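None of the figures in this text is laboratory data; all of them are computed from the coordinates on show. These figures come from a predicted structure and were not determined experimentally. A quick note on method: Cβ atoms are made from the backbone with ideal geometry, for glycine too, and the neighbour counts reach across all protein chains shown.
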Amino acid sequence: MPSLASSLAKESVRLAVGLDVGGTKLAAGLVAADGSILYRTRRDTPGEPEALLAAIVDVVGEVEDRHLVGGLPVGVGIAAIVDGKGVARYAPNLPLVDRPILDELQRDLDRTAVTVDNDANVAVWGEYRVGAGAGAATSLLMLTIGTGIGGGLVLNGRLVRGAHGFAGELGHIIVQEGGPKCACGNRGCLEALASGTAIGRVAREALATGTVPPSSMLHQFGEVTGKAVTVAAHAGDQCAVELLARCGFWLGVGLASLVNALDPEIIVVGGGAMQAGQLLLEPALAAMTERLAGAGHRPVPPAVRAQLGNDAGLVGAALLALDQLGDESGNP
Ligand SMILES: [Zn+2]
């Protein structure tokens, strides 16, 4: 029979510190192996690399001190492309270019059990392990539809990072060559056609070209954003419903290509645009289903709502750190 001390030691291994480092906010928490958050804290993301690394070390210390523990596994999800050696190669909203962040954190935190991964990757890992994909799915595809469209993939129980950490940029698959300009510089990306930003832009274009009927609520908003279109659509405004359906159509065209390429069991959809709910998803699934290869002879993956919300990154980062210590299912 194991001693109490060894049981406690084993138990303590089942806790990890998770961090979600975004462009403006840094969220951290003490996370148990079942995904529950035992303590959480947050602060502003410093704009300078040394200060950012120091803030990560400091917040890990705060989380551990509050629970009188130390040396826990640390998982960091960060808004950067992180390669297989833990080098932050590129980050549009953080001061990290070609920075060996994993090595630096292992040194500064004085432990080897540190993982650093892209924020969308850790979020999909959280949904896979304890959120919308828990239990059933071994292969899921996740889209987070907000200002942009983020994505992530778990295939056959493994997080997909690609050869250099650049995989999973699902918002930048091109679905309409020559289409609207995307933030990435290309034209016709899924993000440029079906993000919350795109919904707002399509509505403003419709207003500018006079195709919105005078009776539409859309004339009443000072600034017509994706959120305004969603509010109007939920209030029964037919024009707003049609605008959401148009963006949903493009979402479905993108999903068809992704499902044809990857064959996921489920599609998890999160982000602010999910306030539109079925008004966006129904037309998306209709457009997707029409375009699936082998239609009629294959399961059509359902689209389910993400469950962890803004906690997906923090929880997923912590679980990834724990999983990489255990059976390495999070580590290709
Ligand atoms: Zn793009």
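Mind checking the angle between helix 312-325 and the chain's longest principal axis? C-alpha axes, 0 to 90 degrees, to the nearest 10. Taking Cα atoms only, the helix is inclined about 40 degrees. Highest GNM mean-square fluctuation among Met274, Met142, Met217, for the chain modelled with Cα contacts below 10 Å: Met217.
Applying the criteria of a DSSP loop state and at most 14 other Cβ atoms within 10 Å to the GluC sites (Glu not before Pro) of region 241-332 yields Glu328. When you filter the GluC sites (Glu not before Pro) in region 160-202 for DSSP loop state and at most 14 other Cβ atoms inside 10 Å of their Cβ, you are left with Glu177. The alpha-carbon positions of region 24-179 define a convex hull whose volume is 133 Å³ per residue. Taking other C-beta atoms within 10 angstrom as a stand-in for reagent exposure, Thr144, Thr209, Thr197 fall in the order Thr209, Thr197, Thr144, fewest first.
Using bins of 20 Å that start at zero, the share of Cα-Cα pairs per bin across the chain amounts to 31, 53, 16, 1, in whole %. With both residues required to sit in region 9-168, DSSP beta bridges show an antiparallel share near 70%. Counting only alpha carbon atoms, the long axis of helix 4-13 and the longest principal axis of the chain meet at about 30°. If both residues of a DSSP beta bridge must be in the chain, then about 60% of such bridges are antiparallel. Rounded to the nearest 10 degrees, the inclination of helix 278-290 to the longest alpha-carbon principal axis of the chain is 80 degrees. Charging the Cβ of each Asp and Glu at -1 and of each Lys and Arg at +1, and nothing else, the dipole of the chain about its Cα centre rounds to 540 debye.
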